[in-house]
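Each value in this text was obtained by applying a stated rule to the coordinates, not by laboratory testing. Note that the coordinates shown come from a computational prediction; the quantities given were computed from them, not determined experimentally. So basically every Cβ, Gly included, is an ideal-geometry build from the backbone, and we count neighbours across all protein chains shown.
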Amino acid sequence: MWLPLLGLLVGFALFYFAGAPLADPVVAKYMAVAILAGIDTVIGGIRAHVEDKFDDWVFISGFFINTLLAAGLAWVGDQLGADLVIAAYVVFGKRIFDNLAILRRHLLNYFQKRAPAALEENGLEW
């Protein structure tokens, strides 16, 4: 569980302290796609941890490969005259929301199983 969160914090720290101009129009859309791919990988890693399927090497390799591949495909799309950035926004957005929905269900199931027992311990009813 700590590795995806650590990766997210390190990534934000690198960009914050690097002082790189993220608003540069040439780089901004590729960076946006790469960031979405990274966020998708981090949330997928958290989901994998919750489901006891997390593997450090799969996470690390997936993070770098997905991020570089997403930015690279967006660049190739621009070179070919196809705006693949919009497709990447849609796909990564859907994946992020799907993973968040699954995490929400896990969290709700966890609290629904624990809440009745905790309330009964305090003399309350569910």
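Restricting attention to the stretch 46-79, report how many residues are farther than 19 Å from A32 by Cα, in a helix (DSSP H, G or I) and out of contact with any Leu (no Cβ under 7 Å at 6 or more places or on another chain). Outline the logic, then answer.
Residues of the stretch 46-79 that are farther than 19 Å from A32 by Cα, as a first pass: 46-61.
Of the ones still in play, those that are also in a helix (DSSP H, G or I) are 46-50, 56-61.
Now narrow it down to the ones that are out of contact with any Leu (no Cβ under 7 Å at 6 or more places or on another chain): 48-49, 57-58, 60-61.
Residues meeting the conditions: 6.
Could you tell me how many of the residues in the stretch 48-73 are closer than 19 Å to V91 by Cβ and polar (S, T, N, Q)?
Final tally of qualifying residues: 2.
Taking the stretch 88-115, which residues are among the small types (G, A, S) and either at positive phi or more than 17 Å from the chain's Cα centre (by Cα) (or both)? Can you show your working first?
Within the stretch 88-115, the subset among the small types (G, A, S) is 88, 93, 101, 115.
Within the stretch 88-115, A115 is the sole residue that qualifies.
Given the conditions (1) touching a Pro at 6+ places or on another chain (Cβ under 8 Å); (2) closer than 28 Å to L107 by Cα, and given that V10 satisfies all but one, which numbered condition is not satisfied?
(1)
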